Amino acid sequence: MLQYFRKIWRDIGQPSLHYSIGALTLGGFIAGIVFWGGLNTTLEATNSEEFCISCHEMQENVYQELRETIHFSNRSGVRATCPDCHVPHEWTDKISRKMQATKEIWGKIFQTISTREKFLAKRRELAEHEWARLTANDSLECRNCHDYDYMDFTAQSLRASEQHSTSLADGEKTCIDCHKGIAHQLPDMEGVEGY
């Protein structure tokens, strides 16, 4: 048995006698295309609302809240889905976010939010993680749809117009600083400044 593994090791370490460099290169190229296609197919499949709400934790909690907001149903018919707000659109940022989201698999396995009570107990922590992420990237996902340069301040309330024309223009605040709870119910905000 040991001789068999030594022979394999020796064969791997030597140049191929039977296959040309061209065939090996072509094989590697084809394998790369298959890998890349599989990766992109997987990314797109996991970047849909159907995938996001396929687990009952999301279906029964945050998705039901989203259905009651203007991001779900509105006069213009433009609807934001889960990935629109929770997954960056740029490829490198999307990959980074998908890698971060793999820890949510552990939550599913260990059922950390499998019931409404468990979800409500962790809600503040989950929300704070998402708020921190949006603050760090200057609410990039919000700005994919809401562009400050095209806001019509005259169509906004006086308070909104003042806030948007000063705080956002100065770069002091980002969307999530004022719009926590815009698509989901707020957790218990006791001790949070301004609430």
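The table below gives the values:
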| quantity | calculated |
| --- | --- |
| Whichever residue in the stretch 92-126 is among the small types (Gly, Ala, Ser) and in a helix (DSSP H, G or I) and, among such residues, is surrounded by the most Cβ atoms within 10 Å (Cβ to Cβ) | Gly107 |
| Unique match (being free of Cβ contacts under 8 Å to residues at least 40 places away in the same chain and under 19 Å from Arg143 (Cα atoms)) among Thr81, Thr112, Thr69, Thr102 | Thr81 |
| Flag for Trp36 being hydrophobic (A, V, I, L, M, F, W, C), surrounded by fewer than 11 Cβ atoms within 10 Å (Cβ to Cβ) and under 30 Å from Glu190 (Cα atoms) | no |
| Residues satisfying the stated conditions in the stretch 171-195, i.e. modelled with pLDDT of 75 or more and charged (D, E, K, R) | Glu172, Lys173, Asp177, Lys180, Asp188, Glu190 |
| Subset tally (residues that are touching a Phe, Trp or Tyr at 6+ places or on another chain (Cβ under 7 Å) and exposed (fewer than 13 other Cβ atoms within 10 Å of the Cβ)) for the stretch 54-91 | 0 |
| Test result for Asp138, over 29 Å from Thr41 (Cβ atoms), part of a loop (DSSP other than H, G, I, E, B) and under 20 Å from the mean Cα position of the chain (by Cα) | yes |
| Ser157 over 15 Å from the mean Cα position of the chain (by Cα), loosely packed, with under 12 Cβ neighbours inside 10 Å and small (Gly, Ala, Ser) | yes |
| Flag for Thr166 being among the β-branched types (Val, Ile, Thr), modelled with pLDDT of 85 or more, farther than 30 Å from Ser96 by Cα and exposed (fewer than 13 other Cβ atoms within 10 Å of the Cβ) | no |
| Any hit, the stretch 168-182, residues being closer than 21 Å to Phe72 by Cβ, without any contact (Cβ under 8 Å) to a residue 24 or more places away in the chain and part of a loop (DSSP other than H, G, I, E, B) | yes |
| Filter result (among the β-branched types (Val, Ile, Thr) and in contact with a His (Cβ under 9 Å, 6 or more places away or on another chain)) within the stretch 156-195 | Ile182 |
| Pairs with Cβ under 9 Å, 6+ apart, first in the stretch 32-47 and assigned to a helix (DSSP H, G or I), second at pLDDT below 95 | Leu43/Trp91; Leu43/Lys94; Leu43/Ile95; Leu43/Lys98; Ala45/Phe51 |
| Which numbered condition Phe72 misses (of (1) closer than 30 Å to Glu117 by Cβ; (2) at pLDDT 90 or above; (3) in a helix (DSSP H, G or I)) | (3) |
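The values are calculated or read from the model by the stated rules, or taken from the named source; none is laboratory data. All values reported here derive from a predicted model rather than from experimental measurement. Ideal geometry is used to build each Cβ from the backbone, glycine not excepted, and the neighbour counts take in all protein chains shown.
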